[in-house]
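Everything on this sheet refers to the single structure shown next.
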Amino acid sequence: MSFKHNGVDVEDTFAEGFGMWGSRIIITAASERWATTAAGSMTGFATSVIACDCEAGVESSVAPDSTPDGRPGVAVMVYGFSKGKLSESMLSRMGQCVLTCPSTAVFNGLPEEEADEMLDIGKSLRFFGDGYQVKMRMGDGWHQRRRFWRIPVMEGEFLVEEKMGAKKAVAGGNFLVMGETQDAVLRAAEASIDAIHTVPGVVTPFPGGLCRSGSKVGSTYKFLKAATNTPFCPTIKNSVKGSKVPSGANSVIEVVINGLNEASVKRAMGVGVDAATRVPGVTWITAVNFDGKLGKFKMGLRDSLEAI
């Protein structure tokens, strides 16, 4: 079954999301160039936990008048299967990619009152100071003041907040954009990403937010836990039994969304689908699910559009 949205057929199905732990930080620097550089480096090789240690992405740029130190900033989100995995990934990525980047500082972007746990990331990073690190407090009121570490580095000092908020989150929100040509599908998927970036609390971890090589659980080869999602590959639709690529669709791109809660992921799916269906050449929208074998969150495409 399907329904029409902006004249495009949308399958009345759902994306199957699964639970993860998520965290949000604010990276600031002397200029937008270096804040963006640090954020890009920290979120590299973090597309899917199929083969990466975490899933991560840039949520948004943060204007100087909205950052804790009045400098240009970037909001970054990181997701892991457990608190321990998340903490480990954040610590190593922050230490190797942000601490090393000129002029940067790191602030918690998920307030304690919104978090399920507070992770000791900055507290662990402090040891890089080799005993010369200095603890400091900032803010109003003793109990409300936030704790930071000033770590000496060759360029000056690296300021990092002691604890970073983390909470139970949702990963795997998705939809597939199908169309007549690769160009039309790419333009539609790009429009989706631009729309999704207006929704706070979500990231799209794949390159530029788009995945050309969606995967399915399992493989013909026993040593692989995932392989190309053959039912959605247009070039083999006449060879694959049970192909799900409709007539007239010659290219498919998947958009994958992680968020701090189900409502945010649903809204991001909705604005993304809405944007994609406004681009000429798009013929079909659907979503990937595995009959409940992957995760407990069932985020319907119809519901996601109603959420906007």
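Can you spot a residue in the stretch 2-21 that is over 22 Å from THR198 (Cα atoms), in a strand (DSSP E or B) and of a type in the set (Ser, Thr, Tyr)?
yes
Restricting to the stretch 22-52, and then to whatever is under 21 Å from GLY201 (Cα atoms), touching a helix residue (DSSP H, G or I) at 6+ places or on another chain (Cβ under 9 Å) and part of a loop (DSSP other than H, G, I, E, B), can you tell me which residue is modelled with the lowest pLDDT?
Ranking the qualifying residues of the stretch 22-52, first place goes to VAL49.
Inside the stretch 53-102, can you point out the residues that are in contact with a Cys (Cβ under 8 Å, 6 or more places away or on another chain), among the small types (Gly, Ala, Ser) and part of a strand (DSSP E or B)?
Once the filter is applied, which keeps residues that are in contact with a Cys (Cβ under 8 Å, 6 or more places away or on another chain), among the small types (Gly, Ala, Ser) and part of a strand (DSSP E or B), the stretch 53-102 yields only GLY80.
Which strands (runs of 3 or more DSSP E) sit wholly inside the stretch 134-219 and have at least 1 residues that are assigned by TED's automatic domain parsing to the domain that holds ILE253?
164-179, 215-217
Among the listed residues GLU88, GLU55, GLU114, which satisfies the condition of being buried (at least 22 other Cβ atoms within 10 Å of the Cβ), among the charged types (D, E, K, R) and over 18 Å from THR28 (Cβ atoms)?
On inspection, the qualifying residue turns out to be GLU55.
Being aliphatic (A, V, I, L, M) and out of contact with any helix residue (DSSP H, G or I) (no Cβ under 8 Å at 6 or more places or on another chain) is the filter here, so list the residues in the stretch 226-255 that pass it.
ALA226, ALA227
Only one of these is closer than 30 Å to VAL245 by Cα and within 16 Å of the chain's Cα centre (by Cα): GLY57, GLY22. Name it.
GLY57 is the lone residue from the list that is closer than 30 Å to VAL245 by Cα and within 16 Å of the chain's Cα centre (by Cα).
What is the one condition in (1) modelled with pLDDT of 95 or more; (2) within 19 Å of PHE290 (Cα to Cα); (3) not in a strand (DSSP E or B) that THR235 does not satisfy?
(2)
Specify the residue that is surrounded by the fewest Cβ atoms within 10 Å (Cβ to Cβ); the eligible residues are those in the stretch 237-269 that are among the basic types (Lys, Arg) and under 20 Å from the mean Cα position of the chain (by Cα).
Selected residue: ARG267.
Test VAL160 against the stated conditions and say whether it is aliphatic (A, V, I, L, M), surrounded by fewer than 16 Cβ atoms within 10 Å (Cβ to Cβ) and in contact (Cβ under 8 Å) with a residue 40 or more places away in the chain.
Considered against the rule, which asks whether it is aliphatic (A, V, I, L, M), surrounded by fewer than 16 Cβ atoms within 10 Å (Cβ to Cβ) and in contact (Cβ under 8 Å) with a residue 40 or more places away in the chain, VAL160 comes out as no.
Select from the stretch 1-30 the residues that are among the charged types (D, E, K, R) and surrounded by 24 or more Cβ atoms within 10 Å (Cβ to Cβ) and list them in ascending order.
Selection gives ARG24 alone.
For ARG137, work out the one condition from (1) modelled with pLDDT under 95; (2) closer than 18 Å to GLU113 by Cα it doesn't fulfil.
Evaluating ARG137 over (1) modelled with pLDDT under 95; (2) closer than 18 Å to GLU113 by Cα leaves (2) as the failure.
For the stretch 270-289, does any single residue satisfy the condition of being over 17 Å from LEU186 (Cα atoms), modelled with pLDDT of 95 or more and surrounded by fewer than 18 Cβ atoms within 10 Å (Cβ to Cβ)?
No - not one qualifying residue is present in the stretch 270-289.
Go through the stretch 246-269 and report how many residues are under 19 Å from VAL10 (Cβ atoms), part of a loop (DSSP other than H, G, I, E, B) and either touching a strand residue (DSSP E or B) at 6+ places or on another chain (Cβ under 7 Å) or at pLDDT below 95 (or both).
Selection size over the stretch 246-269: 4.
Taking the stretch 183-201 on its own, how many of its residues are within 25 Å of ALA166 (Cα to Cα) and polar (S, T, N, Q)?
Number satisfying all stated conditions: 1.
The values are calculated or read from the model by the stated rules, or taken from the named source; none is laboratory data. Quick caveat: nothing in here was measured; it's all calculated off a predicted structure. Using ideal geometry, Cβ is built from the backbone for each residue, glycine included, and neighbour counts are taken over all protein chains shown.
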